[in-house]
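Student: Have a look at this one.
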Amino acid sequence: MSALARAVRRGGEAAPARGDVERCDLCAAVVGGRHRHVLDDDRGDLLCVCRACALLFTRDAAGGRHYRLVPETRRRLAEVSPKDLGVPVGLAFFVRGEDGTATAHYPSPAGPTRWEVEPEVWRAAVRRCPDLDRLAPGTQALLVNTARGRAEHWLVPIDDCYRLVGVIRQEWRGLSGGSRVWPAIDRFFEELTPVR
């Protein structure tokens, strides 16, 4: 099971289920609760990696075109509205492709829903916020929350986005989400801390 599937299944919790030992998806060594991830470009999955394997991929060329280490950088960005990107919801993350295009994803109780961002709309957003041009393709994202009066705009590792999907899946109740989902989303954003 990929790191993405594990994060979504357990609702973004850092530790595996009781009695389970989480292992590196590359060498099978035991990984701690906090560990790094690599993107497997061939399968499109995030893989958990131990410290030794993470060190192997700190150079871009180390994984060839197969594995890419997910950066740890996390920082606030200038305001970028989902509406300016053609997205009709206030909670979304945007991932840049190798070709410079972008895809929007809406976290939902069924997992992330994908939406193609019009290329000219993305280029206009990059002109307004040049940090977007530096997103590492596939491994970093623009994470935006303007729902319910919030103003959160972050450059984050892609694994943060999937943790958020896990939180939503864990807390969602009924058709509208219930009373637990929005406080959990607010806590998620309150706990984001910048990492350079």
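Residue-by-condition table, conditions (1) crowded, with 18+ Cβ neighbours inside 10 Å; (2) β-branched (Val, Ile, Thr):
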| position | (1), (2) |
| --- | --- |
| 150 | no, no |
| 154 | yes, no |
| 158 | yes, yes |
| 163 | yes, no |
| 166 | yes, no |
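Student: Considering each of 95, 167 in turn, give the residue that is touching a residue at least 60 places away in the same chain (Cβ under 8 Å), in contact with a Gly (Cβ under 6 Å, 6 or more places away or on another chain) and β-branched (Val, Ile, Thr). Lay out the reasoning, then the answer.
Tutor: Values: 95 fails: in contact with a Gly (Cβ under 6 Å, 6 or more places away or on another chain).
Just one listed residue meets the conditions, 167.
Student: Could I ask something else about it? Quick one: which residue in 137, 130, 194, 183 is over 17 Å from residue 89 (Cα atoms), modelled with pLDDT under 95 and more than 16 Å from the chain's Cα centre (by Cα)?
Tutor: Residue meeting the stated conditions: 130.
Student: Related question: Given the criterion touching a helix residue (DSSP H, G or I) at 6+ places or on another chain (Cβ under 8 Å) and β-branched (Val, Ile, Thr), identify the matching residue among 168, 158.
Tutor: 168
Student: Taking strands (runs of 3 or more DSSP E) that do not extend beyond the stretch 36-119, which have at least 3 residues that are surrounded by 15 or more Cβ atoms within 10 Å (Cβ to Cβ)? It would help to see each step written out before you state the result.
Tutor: Numbers: elements: 36-40, 45-49, 67-69, 91-96, 102-106, 113-116.
Qualifying strands (runs of 3 or more DSSP E): 36-40, 45-49, 67-69, 91-96, 102-106.
Student: Only one of (1) more than 16 Å from residue 136 (Cα to Cα); (2) under 16 Å from the mean Cα position of the chain (by Cα); (3) in the same structural domain as residue 161 (by TED's automatic domain parsing) fails for residue 35. Which number is that?
Tutor: Result: residue 35 fails condition (3) only.
Student: How many of the residues in the stretch 91-121 are within 12 Å of the chain's Cα centre (by Cα) and of a type in the set (Ser, Thr, Tyr)?
Tutor: Here the count works out to 1.
Student: Any residue in the stretch 147-157 that is of a type in the set (A, V, I, L, M, F, W, C), in a loop (DSSP other than H, G, I, E, B) and over 24 Å from residue 44 (Cα atoms)?
Tutor: Yes, some residue in the stretch 147-157 is of a type in the set (A, V, I, L, M, F, W, C), in a loop (DSSP other than H, G, I, E, B) and over 24 Å from residue 44 (Cα atoms).
Student: Further, regarding this structure: Is it true that some residue in the stretch 137-156 is aliphatic (A, V, I, L, M) and free of Cβ contacts under 8 Å to residues at least 24 places away in the same chain?
Tutor: Within the stretch 137-156 (the criterion being aliphatic (A, V, I, L, M) and free of Cβ contacts under 8 Å to residues at least 24 places away in the same chain), the answer is no, since none of the residues qualifies.
Student: If I ask for residues that are of a type in the set (S, T, N, Q) and in contact (Cβ under 8 Å) with a residue 40 or more places away in the chain, which ones from the stretch 106-129 would you list? Steps first, please.
Tutor: Of all residues in the stretch 106-129, those of a type in the set (S, T, N, Q) come to 108, 113.
Listed by number, the list holds a single entry, 108.
The values are calculated or read from the model by the stated rules, or taken from the named source; none is laboratory data. Just so you know, these numbers come straight off a predicted model, no measurement behind them. Neighbour counts are summed over all protein chains in view; Cβ atoms, including those assigned to glycine, are modelled from backbone coordinates with ideal geometry.
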